[in-house]
Amino acid sequence: MAFASQQWFSECAVQDDRNMFHRLYSLVDKDVRNKFKEMKASVEEMYEHIYWKQGATELATGKKTLTLKQFEKNIQRQFIHLARGLQG
């Protein structure tokens with residue numbers, strides 16, 4: 001998972017702000033994307049609805065998987081910080 005997020009940021013680094021928004025927007029779960037159509041949504045708001053966070057939650061219990069817990073512990077802050085920097 002860390003590799004995918006690093007690749008995503010590398011690709012975004014050369015894009016303009018509008019394109020970056022759309023790339024982050026594309027990570028948002030398709031069932032709630034309409035909520036974020038306007039570019040006024042914050043990185044943190046969109047981050048809470050990134051599709052792979054739902055995929056890393058146990059359906060039966062609603063508990064976070066170890067993978068998601070480790071991502072949040074080790075990478076989440078950097079992910080949000082870099083996304084904010086790309087947002088401008």
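The numbers here are math on the coordinates, done by the rules we state, and not lab data. The structure displayed is predicted, hence computed values, not measured ones. Heads up, the Cβs are rebuilt from the backbone with ideal geometry, glycines too, and the neighbour counts pull from every protein chain shown.
Structure data summary
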read-out	value
Added length on full extension, which subtracts the Cα-Cα distance from 0.36 nm per residue, L59 to R84	6.0 nm
E48 paired with S26, simple spin-label distance in nm, labels 7 Å along Cα-to-beta-carbon	2.5
